[in-house]
2 protein chains.
Amino acid sequence: MNTIPAGTAHTAAKVVAGSLERRDDIGLGELRDHLPMTRRRLRPGQHLYRSGQPFTALFLVNVGCLKSCELSDDGREQVTGFRMRGDLVGVESIGLPGCTCDVVALDASEVWELPYAPMLSACLRVPGLQARLTWTLAEEIRRDRSWMLALGTLGAERRVASFLLDLADRHARLGFSASHFILRMNRTDIASFLALKHETVSRVLSRLQERGLILVERREMRILDAHGLRDCVNGDEPATMH
Amino acid sequence: MNTIPAGTAHTAAKVVAGSLERRDDIGLGELRDHLPMTRRRLRPGQHLYRSGQPFTALFLVNVGCLKSCELSDDGREQVTGFRMRGDLVGVESIGLPGCTCDVVALDASEVWELPYAPMLSACLRVPGLQARLTWTLAEEIRRDRSWMLALGTLGAERRVASFLLDLADRHARLGFSASHFILRMNRTDIASFLALKHETVSRVLSRLQERGLILVERREMRILDAHGLRDCVNGDEPATMH
DNA sequence: ACCGGGCCGTAACGGTTCGTAACGACATGT
DNA sequence: ACATGTCGTTACGAACCGTTACGGCCCGGT
């Protein structure tokens, strides 16, 4: 009962394949003339960079999905975000000699490496580049703040619902289906990002499925009732915590 | 028992007075020649700007303390930070027509208003200004990430201890005492920032005082054992949660 | 002086989430 | 085939924190 309909394997394959195509520019077409960009491929689990390594470049995700993890000196670890096609990675280390976090590929991924020193000088020549970089940094701050709001004010269930809607939205912006996609991260990563435990994520996903809002099996996710999910985030349901 | 020693009122007055002096530049000396900066004063409780208002300027805090609050469409509210002397306020709205959060003065405060449009063009003329702005944005991201790590991995007690140490550190950087200062925000604001309830903050502060780590009465804070607090953050104590 | 509201502290209770454990599915390698 | 490891799910007990309630303190207003 409640299993993904037959034939889904093919669909899933198509979804994944979709994210592997379209390796054209992501808005950096003009940049190619001004920067020595190189392409870099990563296998699942491979580090794009580690905390402490010298900071030399920013990276623009072309294909795949990566997670950035903040680390503390005493071993704590917190996933601070999942980076997908079009996201700029590494901005948190700008202005420092070394990187401040780990970035790990969750998928087979591909990024454009944008050396930072050339980029800085290009900012003086290429009109609008500086503004775009600034805008990207500001946008990053807004994303972080938005999640601080969610993590600070929502309970576990609403956090998960909010996370799923955000994933769906990002997929939609990339031209993929918002109601059927593959989770590129495991339960533990989701839990870390949402400041929960992976068992709690499992429990919540099960509950959301029982209510008919989603259909999830392993990494395959179907959003059955986006409106209901949104209601869940906004607390129309019993919505206990906080 | 456990009250602040007699004569404290005078000390407190001195601490507050200290934060009201020294209204000289905060590293923006050169900027004065290139930007039409104006000074703006705020009374306690007054908004510097509100969510939705047109975004026109950044603000550099000179005196006092402000809080920035992220707001959700359904009424939730989250304090995302406390801004003190030397902090640049408003960066989260860069590149947007309107502000995305509320900023409220907790103290009698004073800020320099730096109109953003002139600042953008100044970036093209003033060498290093662009790099400084970029650095500030990156630093803001690092602060947010650092708190995501704390909120995601620490329990209530360790969050509060971490918060107090952060306050102490910022006071020290400004040349004030790190072991004796005035809390410019009330318990509810602290609680919101730490994703807790104000009762929990109260309880934790009481417990920390029982252990002899701090001495707190209303808004006056003394750090008696900074090393012990650091141990508390790092989980040397029973440190239950998570 | 009296009152009222905001802020703060304490306590008891209840609920959400945690932490542990056990189990199953699946992939990989021997 | 079997062992091994990772991942996901579920159950159960316990800890933590939110909730609620009450009372004290301070300050401004009447």
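The values are calculated or read from the model by the stated rules, or taken from the named source; none is laboratory data. What you are looking at is a predicted structure, and each value in this text was computed from that prediction instead of being measured. FYI the Cβ positions are ideal-geometry reconstructions off the backbone, even for glycines, and counts take in every protein chain you see. Each accessible area value is taken on the protein alone, full model and side chains, heavy atoms only, with ligands, DNA and RNA left out. Shrake-Rupley method; radii C 1.70, N 1.55, O 1.52, S 1.80 Å.
If you take the residues in the stretch A:190-210 that are more than 18 Å from A:I223 (Cβ to Cβ) and more than 7 Å from DNA strand D (Cβ to nearest atom), which one is farthest from the other protein chains (Cβ to nearest Cβ)? Looking at residues that are more than 18 Å from A:I223 (Cβ to Cβ) and more than 7 Å from DNA strand D (Cβ to nearest atom), I get A:T200. What's the number of the only condition in (1) free of Cβ contacts under 8 Å to residues at least 12 places away in the same chain; (2) within 11 Å of DNA strand C (Cβ to nearest atom) that B:I141 fails to meet? It is condition (2) that B:I141 fails.
Residue-level check: of (1) within 11 Å of another protein chain (Cβ to nearest Cβ); (2) open to solvent by 40 Å² or more (accessible area, probe 1.4 Å); (3) not charged (D, E, K, R), A:A117 misses just (1). Every condition in (1) farther than 30 Å from B:R218 by Cα; (2) touching a residue at least 24 places away in the same chain (Cβ under 8 Å); (3) not in a helix (DSSP H, G or I) holds for B:A122 except the one numbered (3).
In the stretch B:211-230, of all residues being in contact (Cβ under 8 Å) with a residue 60 or more places away in the chain and more than 13 Å from DNA strand C (Cβ to nearest atom), the one that is nearest to the other protein chains (Cβ to nearest Cβ) corresponds to B:R230. Whether any residue in the stretch A:143-158 is of a type in the set (D, E, K, R), more than 16 Å from DNA strand D (Cβ to nearest atom), open to solvent by 30 Å² or more (accessible area, probe 1.4 Å) and within 14 Å of chain B (Cβ to nearest Cβ) is what I want to check. Yes, some residue in the stretch A:143-158 is of a type in the set (D, E, K, R), more than 16 Å from DNA strand D (Cβ to nearest atom), open to solvent by 30 Å² or more (accessible area, probe 1.4 Å) and within 14 Å of chain B (Cβ to nearest Cβ).
The number of residues in the stretch A:170-181 that are open to solvent by 30 Å² or more (accessible area, probe 1.4 Å) and within 17 Å of A:L66 (Cα to Cα) comes to 2. Residues that are more than 16 Å from DNA strand D (Cβ to nearest atom) and within 23 Å of A:R43 (Cα to Cα) within the stretch A:166-184 comprise A:R170, A:H171, A:L174, A:F176, listed in sequence order.
Of the listed requirements (1) more than 13 Å from chain A (Cβ to nearest Cβ); (2) touching a strand residue (DSSP E or B) at 6+ places or on another chain (Cβ under 8 Å); (3) open to solvent by 20 Å² or more (accessible area, probe 1.4 Å), B:E110 misses just one: (3).
Can you tell me which condition A:H198 does not meet? The list is (1) in contact with a Leu (Cβ under 8 Å, 6 or more places away or on another chain); (2) closer than 25 Å to B:G152 by Cβ; (3) not basic (K, R), and all the others hold. Result: A:H198 passes all but (1). Just so you know, in the stretch A:72-99 the residues that are surrounded by 21 or more Cβ atoms within 10 Å (Cβ to Cβ) and among the polar types (S, T, N, Q) include one that is farthest from the other protein chains (Cβ to nearest Cβ), and it is A:S93. For the stretch A:199-210, which positions are open to solvent by less than 80 Å² (accessible area, probe 1.4 Å) and either within 11 Å of DNA strand C (Cβ to nearest atom) or of a type outside the set (A, V, I, L, M, F, W, C) (or both)? Passing the criteria: A:T200, A:V201, A:S202, A:V204, A:S206, A:Q209.
Does B:S162 satisfy the criteria of being within 13 Å of another protein chain (Cβ to nearest Cβ), closer than 29 Å to A:T80 by Cβ, touching a residue at least 12 places away in the same chain (Cβ under 8 Å) and more than 13 Å from DNA strand C (Cβ to nearest atom)? Please lay out each step first, then the result.
Details: within 13 Å of another protein chain (Cβ to nearest Cβ): yes; closer than 29 Å to A:T80 by Cβ: yes; touching a residue at least 12 places away in the same chain (Cβ under 8 Å): yes; more than 13 Å from DNA strand C (Cβ to nearest atom): yes.
Yes.
Listed here are the residues, each with its yes/no results for (1) within 28 Å of A:A150 (Cβ to Cβ); (2) assigned by TED's automatic domain parsing to the domain that holds B:K67; (3) modelled with pLDDT under 95.
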site: B:R143; (1), (2), (3): yes, no, no
site: B:S202; (1), (2), (3): yes, no, yes
site: B:R211; (1), (2), (3): no, no, yes
site: B:E217; (1), (2), (3): no, no, yes
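Consider only pairs whose beta carbons are under 8 Å apart and that are at least six residues apart or on different chains; among these, list those whose first residue lies in the stretch A:173-188 and is within 14 Å of chain B (Cβ to nearest Cβ) and whose second residue is within 10 Å of DNA strand D (Cβ to nearest atom) and open to solvent by 50 Å² or more (accessible area, probe 1.4 Å). Taking only residues 6 or more apart or on different chains, the pairs are A:T188/A:H198. When each of B:G81, B:G95, B:G86 is tested for being under 30 Å from A:G98 (Cα atoms), assigned to a strand (DSSP E or B) and more than 16 Å from DNA strand C (Cβ to nearest atom), the lone residue that passes is B:G81. Taking (1) away from DNA strand D (no atom under 16 Å from the Cβ); (2) under 16 Å from the mean Cα position of the chain (by Cα); (3) open to solvent by 40 Å² or more (accessible area, probe 1.4 Å) in turn, A:R187 satisfies each apart from (1).
Evaluation of B:I214 against the conditions (1) under 19 Å from the mean Cα position of the chain (by Cα); (2) surrounded by 15 or more Cβ atoms within 10 Å (Cβ to Cβ) shows that the sole unmet condition is (1).
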